[in-house]
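Note sheet for the following structure.
The values are calculated or read from the model by the stated rules, or taken from the named source; none is laboratory data. Model, not experiment: these values are computed from the prediction. Cβ: placed from backbone, ideal geometry, glycine included. Neighbour counts: every protein chain shown. These accessible areas exclude ligands, DNA and RNA; they are computed on the full protein's heavy atoms, side chains included. Shrake-Rupley method; radii C 1.70, N 1.55, O 1.52, S 1.80 Å.
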Amino acid sequence: MSAKKTAWHPPFTGLLQERAPRWAKVSGEVQLTTEPLRVDDVIEVWADREHDPADVGTTLRGLWRYVVVVGLLEYKSVVWPFQHGDLYRLLAYGFVWIATHQRREKTSDGGRSERLAPHEVTLMLAVPSVTSVLCDELAELGLALSPSDTGYHEVRGAMIPLLVVNLSVVAERENDDLLRWFAGIPLRTLEGGQWVMQHQGKRGESMGTQATPDLFGYDEFVRQAMSAFTPEQRLAGLAPDLAMKSFTPEQR
């Protein structure tokens with residue numbers, strides 16, 4: 001975890017290796033992850049803006065009240081659903097975030113900033129639906145979902161505040177067509193389909209909110225987005241010869 005390695009570290013590893021039981025293997029400087037840890041979204045409360053509890057945004061309107069200082073959100077899609085180990089990883093993100101924000105920085109008035117407390121970090125897991133896999137992992141960790149008819153489930157027993165968001169339920173309760181999309185439910189409005197298509201990009205585009213062909217599940221993304229349009233809307237502006245190229249001679 002620490003970037004600083006003292007002269008004591010290698011000999012300490014050597015001590016363990018030389019004097020460990022015969023049945024124990026000791027390895028030093030082991031990288032725990034193949035890639036750097038990255039959380040899907042970080043939500044932070046602006047320190048210099050008035051916090052108006054009545055302002056709940058225009059999507060996931062029941063979510064924002066759970067953010068105290070920082071929210072770490074993981075989203076699981078229909079093409080890459082929740083898997084065993086995902087909840088362990090999210091909890092690890094929370095502990096890593098808290099550990100790396102314990103340093104008290106100097107402020108402009110000569111004082112020092114406050115350390116981040118565990119209750120000031122909220123972990124959030126957004127899933128299309130609550131599955132048996134998720135329930136099994138909660139049980140393994142000794143955790144439990146609080147009952148909720150809104151789709152926002154606080155998790156009981158977590159050392160860091162943890163919220164599970166059932167997108168299917170929230171989408172219907174809040175009548176949010178785009179949340180339906182992210183929950184794997186067909187879009188019901190043309191505006192929803194247009195929004196999704198606006199977030200479709202070409203390979204190599206640098207915009208961080210675009211779905212591009214190099215990403216897993218891209219074909220399914222486009223296929224589901226097109227389902228919001230009528231056949232006439234799909235073919236509008238497309239030359240007949242280009243449209244016919246998608247059909248085999250037999251189909252023509």
(request) Any residue in region 184-197 that's closer than 17 Å to GLU220 by Cβ and open to solvent by 30 Å² or more (accessible area, probe 1.4 Å): show its pairings with residues that are of a type in the set (Ser, Thr, Tyr) and at pLDDT below 90 at Cβ separation under 8 Å, as long as the two are six or more apart or on different chains. (result) PRO186/SER227
(request) Being acidic (Asp, Glu) and farther than 28 Å from VAL127 by Cβ is the filter; apply it to region 4-56 and report the residue that is least open to solvent (accessible area, probe 1.4 Å). (result) ASP52
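Could we say that SER146 is in contact with a Lys or Arg (Cβ under 9 Å, 6 or more places away or on another chain), of a type in the set (Gly, Ala, Ser) and open to solvent by 20 Å² or more (accessible area, probe 1.4 Å) here?
Values: in contact with a Lys or Arg (Cβ under 9 Å, 6 or more places away or on another chain): yes; of a type in the set (Gly, Ala, Ser): yes; open to solvent by 20 Å² or more (accessible area, probe 1.4 Å): yes.
When the stated conditions are applied, SER146 passes them.
Tell me the residue from ALA139, ALA99 that is in contact (Cβ under 8 Å) with a residue 24 or more places away in the chain and either in contact with a helix residue (DSSP H, G or I) (Cβ under 8 Å, 6 or more places away or on another chain) or not in a loop (DSSP other than H, G, I, E, B) (or both), please.
Values: ALA139 fails: in contact (Cβ under 8 Å) with a residue 24 or more places away in the chain.
From the options ALA139, ALA99, the qualifying one is ALA99.
Can you confirm whether region 216-227 contains a residue that is part of a helix (DSSP H, G or I), among the hydroxyl-bearing types (Ser, Thr, Tyr) and either more than 23 Å from PRO128 (Cβ to Cβ) or modelled with pLDDT under 80 (or both)?
Pass one, region 216-227, residues part of a helix (DSSP H, G or I): 218-226.
Of the ones still in play, those that are also among the hydroxyl-bearing types (Ser, Thr, Tyr) are 218.
Next, from what is left, pick out any that are either more than 23 Å from PRO128 (Cβ to Cβ) or modelled with pLDDT under 80 (or both): 218.
Among the residues of region 216-227, at least one is part of a helix (DSSP H, G or I), among the hydroxyl-bearing types (Ser, Thr, Tyr) and either more than 23 Å from PRO128 (Cβ to Cβ) or modelled with pLDDT under 80 (or both), which makes the answer yes.
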(request) Answer yes or no: is there a residue in region 74-85 that is modelled with pLDDT of 95 or more, exposed (fewer than 12 other Cβ atoms within 10 Å of the Cβ) and either outside any loop (DSSP other than H, G, I, E, B) or out of contact with any His (no Cβ under 9 Å at 6 or more places or on another chain) (or both). (result) yes
(request) With respect to VAL130, determine if the residue is part of a helix (DSSP H, G or I), among the β-branched types (Val, Ile, Thr), out of contact with any helix residue (DSSP H, G or I) (no Cβ under 8 Å at 6 or more places or on another chain) and open to solvent by less than 80 Å² (accessible area, probe 1.4 Å). (result) no
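Does THR59 count as open to solvent by less than 100 Å² (accessible area, probe 1.4 Å), touching a residue at least 40 places away in the same chain (Cβ under 8 Å) and not hydrophobic (A, V, I, L, M, F, W, C)? Break it down stepwise before answering.
Numbers: open to solvent by less than 100 Å² (accessible area, probe 1.4 Å): yes; touching a residue at least 40 places away in the same chain (Cβ under 8 Å): yes; not hydrophobic (A, V, I, L, M, F, W, C): yes.
Yes, satisfied.
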(request) Any residue in region 1-23 that's part of a loop (DSSP other than H, G, I, E, B) and at pLDDT below 90: show its pairings with residues that are surrounded by 10 or more Cβ atoms within 10 Å (Cβ to Cβ) and not small (Gly, Ala, Ser) at Cβ separation under 9 Å, as long as the two are six or more apart or on different chains. (result) MET1/VAL96; MET1/THR100
